[in-house]
């Protein structure tokens, strides 16, 4: 089962991204992980609501990995074999003929 992340962690990650992109080169980022109230005040309300509604879509990095929710199938014709051929260049005439 996927571990759900607290909304404040998602917002903090978002703010880390925004603050690191908006800062000037050579300028140190003043945001610290423990300063959640500062970050949450800076995040627009529509984003907080969006994260809250779709909280099941976000996981911590440790929660990423294989997904076994859906099993995909590749339909093939009975008796067919995979095509194995080396890529090669075609002349203009050959390309236009295709």
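The values are calculated or read from the model by the stated rules, or taken from the named source; none is laboratory data. Keep in mind it's a predicted model, so treat the numbers as computed, not measured. Glycine also receives a Cβ, built like all others from the backbone with ideal geometry; neighbour counts cover every protein chain displayed.
General remarks:
- With respect to the stated conditions, residue 25 fails to be in a loop (DSSP other than H, G, I, E, B), modelled with pLDDT of 85 or more and loosely packed, with under 10 Cβ neighbours inside 10 Å.
Yes/no per residue for (1) on the phi < 0 side of the Ramachandran plot; (2) part of a loop (DSSP other than H, G, I, E, B); (3) at pLDDT 80 or above:
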{"position": "52", "(1), (2), (3)": "yes, no, yes"}
{"position": "62", "(1), (2), (3)": "yes, no, no"}
{"position": "65", "(1), (2), (3)": "no, yes, no"}
{"position": "69", "(1), (2), (3)": "yes, yes, yes"}
{"position": "74", "(1), (2), (3)": "yes, yes, yes"}
{"position": "80", "(1), (2), (3)": "yes, yes, yes"}
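- Annotation: of all residues in segment 49-98 being in contact (Cβ under 8 Å) with a residue 24 or more places away in the chain and surrounded by 10 or more Cβ atoms within 10 Å (Cβ to Cβ), the one that is farthest from residue 12 (Cα to Cα) is 63.
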